[in-house]
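Shown next, in structure tokens, is the structure this report addresses.
The values are calculated or read from the model by the stated rules, or taken from the named source; none is laboratory data. What you see is a predicted model, and the numbers here were worked out from it, not measured in a lab. Cβ placement follows ideal geometry from the backbone for every residue including glycine, while neighbour counts extend to all protein chains displayed. Accessible surface areas use protein heavy atoms only, side chains included; no ligands, DNA or RNA. Shrake-Rupley method; radii C 1.70, N 1.55, O 1.52, S 1.80 Å.
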Amino acid sequence: MWVMSSSPSRVSRRRLFAWAAFVALALGLQVGCATLDERQRSWIFQPSDRTWYGGLAAAEGMQDVWINFRSRTAGAKGEPVKLHALWLPQDDPKAPVLLYLHGARYDVRGSSPRMRRMHELGFSVLGVDYRGFGRSSAGLPSETMAAEDARAAWDWLAHEHPQSKRFIFGHSLGGAIAVQLATEVADETGLIVEGSFTSIPDVVSTFRWGWLPVSPFITQRFDSASRIADVGSPVLVVHGSQDTLIRPELGQGLFERAREPKRFVLVEGGSHHNTNAVGQPLYRQALAELFGLSGTR
């Protein structure tokens, strides 16, 4: 989404302003609910087969994985779905496994630098594209569809690596998808969210036009605040102190609603896009203390 885009924050803010203006206009013109929903899905996810230019080189050498299933979501029920994912294994077959759920706009290759950094911390990493992204099945993503895609990727990991400790990681919009997945499964060892938020309405309220009464008309709510207390594993919430796109207080609010054991890591100087790189030493420490992953490099 504009919310989760890998583009500069200034561009993303302009998208938010445009979206808020559209909603205000839509209310005045009584635009149909279906049209409003489709526009929200398009602007939130910004699905494409493009990637951030730095992701192409980082993705070199990663293995292609294909995940096939039939959709059960409304509007797509029974349709065959093919998801494309990138797999970056460790040499150690006993290494913990991480499902990486990316944010909006760019395909999974755009997240490959962040995937490699998590690999450097000792994880085997699977990053997956939702429908509408990259080489996965075409279509306009939705909150429900992305949740189903994440669950399919998790089931693949459980089947392929049943004896491994398995973690769920989500960046930005992917953090909300990760929270929902963690409430639906019982075999995750831990949940890690970076640069994420309590809900889409809460994000909208932090922007210049946040005073507009648009919350009741937001269909893609990604309400992590109401879900995270149902996560049954330890929760690590990481946020950059200089994140101007998703403000640190939204990450803090998400952390406060999680059950113990949990940890909040505020990376000084971290932005929405570089917190993972700037905060590597803090990540390493938190992984050891919260999850007992002392073997990370």
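A straight Cα-to-Cα reach below 29 Å connects Lys82 with the lysines Lys94, Lys165, residues fewer than 8 places away in its own chain not being considered. Loop-resident trypsin sites (Lys or Arg not before Pro) (DSSP state other than H, G, I, E or B) in the range 127-223 with no more than 10 further Cβ atoms inside 10 Å of their Cβ: Arg208. Once Lys and Arg get +1 and Asp and Glu get -1 on their Cβ, which of Ala182, His171, Gln63 lies farthest toward the positive end of the dipole of the chain? Comparing the listed Cα positions along the dipole, His171 ranks first.
Heavy-atom surface analysis with a 1.4 Å probe gives the chain a carbon and sulfur content of 51 percent of its accessible area.
Under the combined filter of DSSP loop state and at most 16 neighbouring Cβ atoms within 10 Å, the range 33-142 retains these GluC sites (Glu not before Pro): Glu60. Full extension of the chain between Ala74 and Arg50 yields a length gain of 5.9 nm, computed as 0.36 nm times the residue separation minus the alpha carbon distance. Taking 17 Å as the straight-line reach from the Cα of Lys262, the aspartates and glutamates in range (excluding those fewer than 8 positions away in the same chain) are Glu188, Glu194, Asp230, Glu249, Glu289. Here is the list for the range 145-214: chymotrypsin sites (Phe, Trp or Tyr not before Pro) lying in DSSP coil, each with at most 10 other C-beta atoms within 10 angstrom of its C-beta, are Trp211. Amide H contacts for Val267 (H built 1.01 Å from N in the peptide plane; partners 5 or more residues away or on another chain; cut-off under 5 Å): His239, Gly240, Ser241.
Note the listed values [x] 6, 26, 36, 23, 8, 1; [y] 7, 30, 38, 20, 4, 0; [z] 6, 23, 33, 25, 11, 2, 0, then indicate which one is P(r) over Cα pairs in 10 Å bins from 0, in percent calculated from this particular structure. Answer label, from the structure shown: [y]. For the range 96-108, backbone phi angles converted through the Karplus equation (6.51, -1.76, 1.60; θ = phi - 60°) give residue-by-residue couplings of x, 10, 10, 8, 9, 10, 7, x, 9, 6, 9, 6, 4 Hz, Gly and Pro being listed as x.
The string of couplings for the range 81-88 from the Karplus curve (6.51, -1.76, 1.60, θ = phi - 60°) is 10, 10, 9, 9, 9, 10, 10, 10 Hz, one whole number per residue in order, with x for Gly and Pro. Listed by number, the DSSP H helices of the chain that run 15 Å or longer by alpha-carbon position along their axis and have mean Kyte hydropathy of at least 1.0 are 173-184. Note on Ser124: accessible area is roughly 10 Å² with a 1.4 Å probe, heavy atoms of protein only. For Thr219, what accessible surface area do you get with a 1.4 Å probe? Give it in Å², rounded to 10. Only protein atoms counted, so the area is about 60 Å².
With Cβ to Cβ distances under 13 Å as the rule, what net charge do the other residues near Gly232 carry (K, R +1; D, E -1)?
-2
Maximal additional length on extending the Glu184-His159 stretch stands at 7.3 nm, based on 0.36 nm per residue less the C-alpha distance.
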